[in-house]
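The values are calculated or read from the model by the stated rules, or taken from the named source; none is laboratory data. Computed from a prediction, not measured in an experiment: that's the story for all the values here. Note: ideal-geometry Cβ built from the backbone for every residue, glycine included; neighbour counts use all protein chains shown. To get the accessible areas, we keep the full protein, side chains included, count just its heavy atoms, and leave off ligands, DNA and RNA. Shrake-Rupley method; radii C 1.70, N 1.55, O 1.52, S 1.80 Å.
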Amino acid sequence: MENLETQKRADVADFEGKTLAQLMARAIHRFGERPFLGVKKNGVYTWMTFSEFDIQMRKLRAIFRREGLKRGDRVAIIANNSVEFALTVYAAYGLGGVVVPMYEVQKIQDWEFIFGDSQPTLAVVSNDSIREKIEGLNCPSLKKIYTTHPSTIAPDDELSKIIEKSEELYDIAPDLSQDDLADIIYTSGTTGMPRGVELTHKNIVVNARCTATCFPIYETDRTLSFLPWAHAFGKTVELVIFPCVGSAIGLVESNRTIAQNLVEVNPTVLVSVPKIFNKIYDTVHLKAETKAITRTLFGKAEEIAKKSLNSKLSPFDKLQHAIFDKVVASKVRAAFGNSLRFCISGGASLSEEVASFFEGFGIKIFEGYGMTEHSPIVAVNTPGHTRIGSVGHPLPEVKIEISHDNDALDTTDDKCGEVVISSASVMKCYHNAPAATAEAIDPQGRLHTGDMGYIDDDGFLWLTGRVKEQYKLENGKYVVPSALEEKINNSTAINLSVVFGSAKPYNVVLINPTPEAIEKFKADNKLQNATNEELENNPKLRDLYANELKTTTADFRGYERPQKFAIILDEFTIDNGLLTPALKIKRREIEKRFADTLDALYHNA
């Protein structure tokens with residue numbers, strides 16, 4: 001792997017003072033004939049250049065202008081990542097329009113709330129089914145709905161056909177300002193209804209500029225896009241930073257084809273969330289367990305790889321490392337396409353074990369931390385300045401303080417406190433929610449994140465959980481459930497876990513196994529016809545997960561370790577309301593759904 005030492009990016013210096021529409025115009029001027037967006041058609045990725053994107057974008061901008069879209073009007077998008085999504089965003093920005101992105105997988109109740117709260121003028125949706133649901137909403141402001149991939153409606157309503165037939169072009173409207181609103185991005189709503197985060201052009205541009213200065217990303221780079229652009233992380237990195245430095249973006253076909261598309265696009269840089277890395281990690285380990293010889297070979301390869309990260313290898317170890325790299329590690333790297341220089345991970349905590357595994361096999365993952373309210377990136381590990389387990393140093397121009405003023409904090413821990421941020425990327429406000437805004441942003445303009453953490457002597461930020469998730473056991477001891485869940489989820493046999501114990505004598509945990517682990521258990525024990533209820537209470541399966549729980553929580557204090565557990569084979573999904581569209585657990589909903597199960601863990605012997 002080439003040297004990834006951090007370097008100052010001179011070509012991002014002129015981000016200063018520009019709107020997002022101006023940044024795209026700058027990228028088009030600089031990288032006109034270079035590939036920008038790649039879409040798989042007839043089994044092959046074909047690429048739209050920056051110049052081709054420009055023509056379609058300015059056509060759509062003229063169409064939006066004819067529909068009456070003006071500065072400050074909202075444009076709602078309900079679609080997965082696509083060329084049309086990108087066109088809509090930058091066409092709207094050039095008129096001073098405000099983008100309101102949503103997920104295709106969201107429930108109609110969420111869409112109803114967001115449309116009512118933001119009052120969009122135009123909407124772009126991906127298919128007929130979503131269009132019909134939006135037409136049924138009570139939204140007086142909505143004038144027009146466009147569909148990106150219709151199946152039954154008239155061609156006149158298909159966005160690409162409308163663009164194709166149009167001849168008028170429109171450039172950026174005059175007098176747009178960096179202080180204009182760019183986005184209203186609604187948070188996932190893990191504890192209630194979504195909140196609309198208002199982000200200005202300046203908020204996002206400053207965040208993009210500061211992030212881009214930290215990484216060697218160039219016009220020769222390419223990525224595979226599977227992070228949803230309805231989320232601030234994917235939107236800022238992939239839809240702002242990458243095009244502004246000239247990088248190409250291949251669009252994933254679906255979440256089911258990520259592995260195949262990685263090989264086809266052959267990315268040099270990848271932006272992901274821990275779930276993807278965890279999935280690959282689990283798959284590799286499960287495959288290695290199928291035979292004694294592969295288990296031994298892989299185990300030794302992993303041992304030498306991890307050893308190489310922290311100490312000098314002996315000549316014999318170096319020889320083994322070279323052999324294992326060729327036989328084992330090369331296959332892990334090939335899963336990403338063989339050209340990958342580095343990855344950036346965000347959106348949730350990446351375990352040290354998983355990060356070390358990939359780094360040992362030659363895949364560098366830089367973990368970061370962000371939140372929608374900060375446009376979104378706050379801190380990140382960077383080339384030459386990395387500490388596995390931390391979320392890195394604050395971005396340039398971002399100041400982080402650790403506050404102990406929150407009454408919900410564990411007052412016995414002097415090191416940890418609430419992460420408080422000062423920077424130009426702090427949101428303008430929560431839309432239509434002045435009380436919530438006042439709670440999040442203090443009179444000094446500092447953003448109180450609700451995240452707990454500390455800064456070590458070398459300036460690295462470490463996160464320890466959410467303030468609101470922290471609770472006291474019956475004995476008065478504080479517990480941060482997310483820290484426990486992160487460790488438990490390191491097991492290759494566990495999909496996710498949810499820890500409870502507030503005001504109780506001890507912690508308990510709901511364990512949702514991976515489908516692969518359950519299928520293996522059923523095959524090994526000739527239980528293919530067993531029901532979920534039978535499996536959940538199977539003594540052998542319970543013994544297996546008791547051992548997993550004991551191993552993964554060994555480093556925690558005795559009062560923190562869950563004393564009882566329940567195996568839950570029902571899926572945790574967005575559709576059944578247990579996960580947010582960003583795949584975060586809805587703790588309150590899970591507690592309600594499994595109230596009887598949790599109660600039994602405390603009252604049954």
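A few remarks follow.
- Taking the stretch 536-605 as the region of interest, the helices (runs of 4 or more DSSP H) fully inside it that hold 1 or more residues being among the acidic types (Asp, Glu), out of contact with any Phe, Trp or Tyr (no Cβ under 7 Å at 6 or more places or on another chain) and open to solvent by 90 Å² or more (accessible area, probe 1.4 Å) are 539-552, 595-603.
- Selection status of Glu158, free of Cβ contacts under 8 Å to residues at least 40 places away in the same chain and open to solvent by 10 Å² or more (accessible area, probe 1.4 Å): yes
- Neighbours by Cβ (under 7 Å, 6+ apart or cross-chain): first from the stretch 547-575, among the small types (Gly, Ala, Ser); second at pLDDT 95 or above and assigned to a helix (DSSP H, G or I): Ala566/Thr597; Ala566/Leu601
- Segments classed as helices (runs of 4 or more DSSP H), wholly inside the stretch 411-524, with at least 2 members that are out of contact with any strand residue (DSSP E or B) (no Cβ under 9 Å at 6 or more places or on another chain) and over 24 Å from Thr382 (Cα atoms): 434-440, 515-524
- If you go through the stretch 64-81 and keep only what is open to solvent by 10 Å² or more (accessible area, probe 1.4 Å) and either within 24 Å of Gly32 (Cβ to Cβ) or basic (Lys, Arg) (or both), you end up with Arg65, Arg66, Lys70, Arg71, Arg74, Asn81.
- Every residue from the stretch 368-379 that is open to solvent by less than 30 Å² (accessible area, probe 1.4 Å) and not in a loop (DSSP other than H, G, I, E, B): Gly368, Tyr369, Thr372, Glu373, His374, Ile377, Val378, Ala379
- Tabulated pairs, the stretch 187-202, first farther than 14 Å from Ala440 by Cβ, second hydroxyl-bearing (Ser, Thr, Tyr) and at pLDDT 95 or above, C-beta under 8 angstrom, 6+ apart or interchain: Pro194/Tyr186; His201/Thr19; His201/Tyr93; His201/Ser177
This table checks each residue for (1) under 17 Å from Ile344 (Cβ atoms); (2) out of contact with any strand residue (DSSP E or B) (no Cβ under 6 Å at 6 or more places or on another chain); (3) modelled with pLDDT of 95 or more.
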site	(1), (2), (3)
Ile241	yes, yes, yes
Glu253	no, no, yes
Glu289	no, yes, no
Ile293	no, yes, no
Glu302	no, yes, no
Leu309	no, yes, no
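- Looking across Leu181, Leu227, Leu199, one residue alone is at pLDDT below 95 and touching an Asp or Glu at 6+ places or on another chain (Cβ under 8 Å). It is Leu227.
- Subset of the stretch 525-536 [under 26 Å from Glu591 (Cα atoms) and either small (Gly, Ala, Ser) or in contact with a strand residue (DSSP E or B) (Cβ under 8 Å, 6 or more places away or on another chain) (or both)]: Leu535, Glu536
- For beta carbons closer than 9 Å, sequence separation of 6+ or different chains, a first residue in the stretch 258-275 that is free of Cβ contacts under 8 Å to residues at least 24 places away in the same chain and a second that is open to solvent by 10 Å² or more (accessible area, probe 1.4 Å), the qualifying pairs are Gln260/Glu253.
- Taken as a whole, the structure leaves Ile365 outside the set of residues that are without any contact (Cβ under 8 Å) to a residue 40 or more places away in the chain, touching a Ser or Thr at 6+ places or on another chain (Cβ under 9 Å), open to solvent by 10 Å² or more (accessible area, probe 1.4 Å) and over 15 Å from Thr211 (Cβ atoms).
- The one condition in (1) farther than 30 Å from Ile114 by Cα; (2) modelled with pLDDT of 95 or more; (3) crowded, with 18+ Cβ neighbours inside 10 Å; (4) in contact with a Cys (Cβ under 9 Å, 6 or more places away or on another chain) that Phe500 fails to fulfil: (4)
- Conditions (1) at pLDDT below 90; (2) at positive phi; number of the one not met by Gly459: (1)
- Hey, Gly96 open to solvent by less than 10 Å² (accessible area, probe 1.4 Å) and at positive phi or not: yes
- Any hit, the stretch 79-94, residues being over 30 Å from Lys40 (Cβ atoms) and small (Gly, Ala, Ser): no
- Of the helices (runs of 4 or more DSSP H) that lie entirely inside the stretch 33-149, those containing 1 or more residues that are under 23 Å from Glu219 (Cα atoms) span 50-66, 83-93.
- The lone criterion from (1) under 22 Å from His285 (Cβ atoms); (2) of a type outside the set (Lys, Arg); (3) surrounded by 15 or more Cβ atoms within 10 Å (Cβ to Cβ); (4) without any contact (Cβ under 8 Å) to a residue 40 or more places away in the chain left unmet by Glu519 is number (3).
- Taken together, the residues in the stretch 295-317 that are of a type in the set (D, E, K, R) and either open to solvent by less than 60 Å² (accessible area, probe 1.4 Å) or farther than 23 Å from Thr386 by Cβ (or both) amount to 4.
- Among residues of the stretch 323-352 that are closer than 19 Å to Gln260 by Cα, those with a Cβ under 9 angstrom from a residue that is among the hydroxyl-bearing types (Ser, Thr, Tyr) and assigned to a helix (DSSP H, G or I), sequence gap 6+ or separate chain, pair up as Ala335/Thr283; Asn338/Ser330.
- Scope the stretch 204-260; condition touching a Lys or Arg at 6+ places or on another chain (Cβ under 8 Å), over 26 Å from Gly384 (Cβ atoms) and of a type in the set (D, E, K, R); matching residues: Glu253
- Summed over the stretch 522-535, residues that are surrounded by fewer than 16 Cβ atoms within 10 Å (Cβ to Cβ) and more than 21 Å from Val498 (Cβ to Cβ) total 8.
- Scanning the stretch 10-57 for residues that are open to solvent by 40 Å² or more (accessible area, probe 1.4 Å), of a type in the set (Val, Ile, Thr) and in contact (Cβ under 8 Å) with a residue 24 or more places away in the chain yields Val39, Ile55.
- One residue from Glu397, Glu373 being more than 18 Å from the chain's Cα centre (by Cα) and over 30 Å from Ile293 (Cβ atoms): Glu397
- Residue within the stretch 380-403 that is modelled with pLDDT of 95 or more, surrounded by fewer than 20 Cβ atoms within 10 Å (Cβ to Cβ), of a type in the set (Asp, Glu) and part of a loop (DSSP other than H, G, I, E, B) present: yes
- A count restricted to the stretch 448-478 and to residues that are among the acidic types (Asp, Glu) and either open to solvent by less than 40 Å² (accessible area, probe 1.4 Å) or under 21 Å from Val398 (Cα atoms) (or both) stands at 4.
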